[in-house]
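Here's the structure we're looking at; comments come further down.
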Amino acid sequence: MKADRPPERPPGFVYRSDKRLFRKPEPTLYAEQVSLAKLAERYGTPLYVYSATAIRERYREFDGAFKGSEHTICYSVKANSNLTILRLLARQGAGFDIVSGGELHRVLEISHKAAARTVFSGVGKLAAEMDLALHTGILMFNVESASELELLAARAAHLRKRARFAIRANPDVTAETHPYISTGLHEHKFGVPWRGVWELYRRGDSARYLQAAGVSVHIGSQITEVAPFREAMERVASLVRSLRTDKHDIRYVDAGGGLGIFYEQDNDSPFSKLAKQYAKALLASLKPLGVHLLLEPGRAIVGPAGVLLTRVIYRKRNDGKQFVVVDAAMTDLLRPSLYDAYHEIVPVVLRSNAGAREEVDVVGPVCETGDFFARGRQLHAVEEGDLLAILDAGAYGMALASNYNTRRRPAEVLVDGTRVRLVRRRESIRDLLAPERT
Ligand SMILES: *Cc1c(COP(=O)(O)O)cnc(C)c1O
């Protein structure tokens, strides 16, 4: 029986049997101390539910892995940009990695102090976004091209604001991940090819208001092996040495983000272990340099700390195929459609009379064949009206949500022990139509 128990994600999401309420309680999935069935009743579905304890714990484990080395964690805002989650992380001491002026506005909304621990990445920074970041006094700009460097020098001179910069160098390492989220090869749009890097540092350091301060890389996302990180850092370390020889004052190495999570597996290998291996791989070549390390994790911090709750609307059979139609769609969680990504799907209530597992496609209501959460998946038998939880939806879930098919984006709830907070209300149709004219 135990073997057939669906996967859990402690400390955020575990099955509990509340014996105070029922003599023979059916195990129900809880977010910390709160039943997901109760949350669905109160806030409706589809609903994102996050665990504050899980976020804090993963942050601390990641941070702890770098204990003894000077470092700052710049949480990648794009993974999950909810203001309450940003504030929770800022309170843990986090800085931020932003990729737009909009994300900087979010950071400023929750903490001006954290803005000073913020780095600005991205291949297409606009002058107005640079100006906002220059006025804010962020920690560093990760520059991705000669033209960007030129514009940054001009904006900084115009505003008479000094700016620290790093060149995002492309280490040309292969990371085993989905082609859409692999970024560290020369054919990708990110970063500057290795051989062109020195020239940019020279130009940058000769600009009056610019100051070379770091080297940055980001080799991709959802990387679950540490070898590519080690390889990239070896290249970075030799680059830092060479730049220092050229009299550039390189104090920071921004190692980017990209550490993956295990979507397809029960939580038997603790995150703290992977985080330690990751830290060791990075520090192997960086430690001797005495640089201040910047880290930009996104998914690794928030991914397993969130689920998407959805209700089964219909069951239908087309010839031999069984479909479970749920009220969440690709508009709420795009990863399966975009990357063919795998997410565990588990019943919220484990009914004792539930039938055997069956093979189904779990699909949403949107008019696209690509609107699915699972195909040909063995799931616990479900009935119309049942609740399902799609696990590991805390990163790149709500952040990628859209209004396609004029669907309202889901509400978001943060649970902390017994405490429940609605951290984003469900959109209304009025919200959606407001910018338009008839
Ligand atoms: C997306 C991104 C990250 C975060 O990636 P994760 O895989 O979520 O850790 C960090 N840095 C940069 C530059 C990014 O583009």
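The values are calculated or read from the model by the stated rules, or taken from the named source; none is laboratory data. As the structure is a computational prediction, the values presented were derived from the model and not from experiment. Here the Cβ is made from the backbone with ideal geometry for all residues, glycine too, and neighbour counts use every protein chain on show. Protein only, heavy atoms only, side chains kept; ligands, DNA and RNA dropped before computing areas. Shrake-Rupley method; radii C 1.70, N 1.55, O 1.52, S 1.80 Å.
Projected area of segment 53-300, taken from the Cα convex hull and averaged over every viewing direction, in nm²? Working shown, then result.
Working: hull surface 49.2 nm².
About 12.3 nm², averaged over all directions.
Sort Thr310, Thr45 by heavy-atom solvent-accessible area, probe 1.4 angstrom, most to least.
Numbers: Thr310 0, Thr45 30 Å².
Final ranking, largest accessible area leading: Thr45, Thr310.
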If I take all pairs of Cα atoms in segment 184-238, what percentage of them are more than 18 Å from each other?
43
Given Cβ point charges of +1 (Lys, Arg) and -1 (Asp, Glu) and nothing else, what value in debye, to the nearest 20, does the dipole of segment 1-69 about its Cα centre take?
260
Summing -39500 (n - 2.57) over every DSSP H run of at least 4 in the chain, dividing by its residue total and rounding to the nearest 500, the 222 nm mean residue ellipticity is -8500 deg cm²/dmol
Report in % the part of the accessible area of segment 310-438 that belongs to carbon and sulfur, leaving out ligands and nucleic acids; probe 1.4 Å.
47
Provide the net charge surrounding Cys74, with neighbours chosen by a C-beta distance below 13 Å and charges set as Lys +1, Arg +1, Asp -1, Glu -1.
-3
Counting Lys and Arg as +1 and Asp and Glu as -1 over every other residue whose Cβ sits under 14 Å from the Cβ of Val302, the net charge comes to +2
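What is the dipole size for segment 53-300, taken about its Cα centre, with +1 at each Lys and Arg Cβ and -1 at each Asp and Glu Cβ, in debye to the nearest 20?
The calculation lands at about 960 debye.
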Tilt of helix 227-245 relative to the longest C-alpha principal axis of the chain, in degrees (0 to 90, nearest 10)?
20
With the dipole of segment 356-425 worked out from charges on the C-beta (+1 for Lys and Arg, -1 for Asp and Glu) around the Cα centre, which of Val413, Gly364, Ala393 lies farthest toward the positive end?
Val413
Select from Asp254, Asp172, Asp18 the residue whose mean-square fluctuation is largest in a Gaussian network model of the chain (Cα-Cα springs shorter than 10 Å).
Asp18
Among Arg202, Arg5, what's the order by accessible area (1.4 angstrom probe), most exposed first?
Arg202, Arg5
Would you list, by chain and number, the lysines whose Cα falls below 23 Å from the Cα of Lys19, excluding same-chain residues fewer than 8 positions away?
Lys2, Lys38
Just from the alpha-carbon atoms, what are the Rg and Dmax of segment 1-131 in angstroms?
19.2, 64
Per 10 Å bin, what is the whole-percent P(r) computed from every C-alpha pair distance within the chain?
4, 21, 29, 24, 14, 6, 2, 0
Quick check on my link table: of Lys247/Lys287; Lys161/Lys247; Lys125/Lys161; Lys78/Lys189; Lys189/Lys276; Lys67/Lys113, which ones sit more than 26 Å apart, alpha carbon to alpha carbon?
Lys189/Lys276
Determine the percent antiparallel among the DSSP beta bridges restricted to the chain, to the nearest 5.
50
In a GNM of the chain with a 10 Å cut-off on Cα contacts, which of Gly122, Gly257, Gly306 has the highest mean-square fluctuation?
Gly122
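Using r as the Cβ-Cβ distance of Lys113 and Glu70, and R0 as 22 Å, what FRET efficiency do you calculate, to the nearest 0.05? Before the final figure, lay out the partial values.
Details: r = 18 Å, r/R0 = 0.84.
Working from the Cβ atoms, E equals 0.75.
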Accessible area per residue, Å², the chain with all protein chains present, probe 1.4 Å
45
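Do any trypsin sites (Lys or Arg not before Pro) in segment 1-102 lie in a DSSP loop with no more than 12 other beta carbon atoms within 10 Å, and if so, which?
Details: sites: Lys2, Arg16, Lys19, Arg20, Arg23, Lys38, Arg42, Arg56, Arg58, Arg60, Lys67, Lys78, Arg87, Arg91; in loops: Lys19, Arg20, Arg23, Lys67.
Qualifying residues, ordered by number: Lys19, Arg20, Arg23, Lys67.
Determine the share of segment 53-300's accessible area contributed by carbon and sulfur atoms, expressed in whole percent, with a 1.4 angstrom probe.
Details: 5020 of 10420 Å².
After summing per-atom areas, the C and S share lands at 48 percent.
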Toy charge model, Lys and Arg Cβ at +1, Asp and Glu Cβ at -1: the chain dipole around Cα centroid in debye, rounded to 20, equals 1360
